[in-house]
Amino acid sequence: MRVSPTFRIILRVVALALVLALAGCSLFRGKKGDPLETLSVAELYQYGVVALDRGNEDLASRTFERLISRFPFGPYTEQSQINLAYSQYKEDKPEDAYSTINRFIKTYPTHKHIDYAYYLRGLINFNRSGGFLENWVGQDMSKRDQANLRQSFDDFGALIERYPQSRYAADSRQRMVYLRNMMAQSELNVAYYYLRRGVYVGAANRAKGVIENYPRSFQSRDALAIMASSYRALGQDQLAEDAESVLKLNYPEHPYFAGDWPDWRSNLWKLLPLTNRGQGH
C-alpha cells in the first residue's frame, strides 16, 4: 500500500506532538514523580487555587504546604498560608486550620488581608463549637467548656473593633449576636438542670450569671424566674421578692406568674439529664 507524501507529513506531525507531550509529562512529574517539585511559585500557587476552586481541598492543602516549604518568603507564600488555613477548615480539620491561621496572624499582623484572617479564625472556632443541641444534650451541664464559643466571639469582636469598615464586619456582628445568645442559653440550661435537681444554690448562681453577663439577652427573663424560684425554695424571701419585682417590671406576662412554671412535663425538659451530676457552684 502506497502512502501519499501529505499523509506522511501528517504522521510526522502527530508523532512529534506525541513525543513532546510525553516529554512534557515526564518533566512535569520531575525526578520524584511529584509535579509540585517542578512548578514555579506562581504556577504552584495557581495550581492550589484551581484545586481549591474545584473543591479538592486535600490537593489544595498539599499544594500550599509544598509552596510554603519550597518558597518560605514572598507574597505568594503569605497568601498561601491563608489559603491553606481555609482549605484545612473546609476539610474539617479545625485544629490544623486554627494553628495555621493563628500563626499567620502573629507573623503578619499588618497584612492587607488580616481582617479576613480574624474572620476565618472566628469561623473556625464558630464551627468547632458544634450545633446548639450537640453542645448540651446528654452532657454534664456544669462542666461544658465554652472556650470555643468565647474565642469565636472574641475573634469576631476583634475584627469589628479593629476593622469596622471590613467587608466581613456585618456578618461578624450577626454571628456575635448568635454566639451571645448561645452562650446565654448554655448557662441557662445549666441553671434549669440544677433547678430540676433541687440544687437551688447552683441554680440561683447560674441564673444570676446570665443576668450579669448577658443582661439584654432573651434568656434573662427565664434567668430571673429561676432566681425567684430558687430563692423561694431556699427560704430567702427578700431575694425572691426582688427577683420577682424585676421580672414583673420587665416581663409582666411571664408564665412564672401563672403558677405553673417551669413545666417539666414538656418535651424540652425531657432532654435534660437526670443523673446525679454533683452540686452547682
- Note on the structure: Picking from R180, R196, the residue that is over 15 Å from W261 (Cα atoms), out of contact with any Phe, Trp or Tyr (no Cβ under 6 Å at 6 or more places or on another chain) and touching a residue at least 12 places away in the same chain (Cβ under 8 Å) would be R180
- Tally, over region 81-113, of residues that are in a helix (DSSP H, G or I) and in contact with a helix residue (DSSP H, G or I) (Cβ under 7 Å, 6 or more places away or on another chain): 19
- Query: Considering only residues of region 114-136 that are out of contact with any helix residue (DSSP H, G or I) (no Cβ under 9 Å at 6 or more places or on another chain) and under 30 Å from V201 (Cβ atoms), which is modelled with the highest pLDDT?
  - Reply: E134
- Per the filter on region 193-204, residues out of contact with any Gly (no Cβ under 8 Å at 6 or more places or on another chain) and surrounded by 23 or more Cβ atoms within 10 Å (Cβ to Cβ) are Y193, L195, A204
- Contact list, first residue from region 76-96 and on the phi > 0 side of the Ramachandran plot and acidic (D, E), second anywhere and in a helix (DSSP H, G or I) and surrounded by fewer than 22 Cβ atoms within 10 Å (Cβ to Cβ), beta-carbon distance below 8 Å, six or more apart or interchain, is none
- Of the residues that make up region 218-241, is at least one in contact with a Ser or Thr (Cβ under 8 Å, 6 or more places away or on another chain), touching a residue at least 12 places away in the same chain (Cβ under 8 Å) and within 22 Å of N181 (Cα to Cα)? no
- Message: Tally up the residues in region 205-246 that are farther than 20 Å from Q146 by Cβ and part of a helix (DSSP H, G or I), please.
- Response: 20
- Message: Condition first: aliphatic (A, V, I, L, M) and either modelled with pLDDT of 95 or more or not in a helix (DSSP H, G or I) (or both). Can you find one or more residues in region 169-187 that meet it?
- Response: yes
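The values are calculated or read from the model by the stated rules, or taken from the named source; none is laboratory data. This is a predicted model, so every value here is computed, not measured. Note that we place each Cβ from the backbone using ideal geometry, even for glycine, and neighbour counts take in every protein chain shown.
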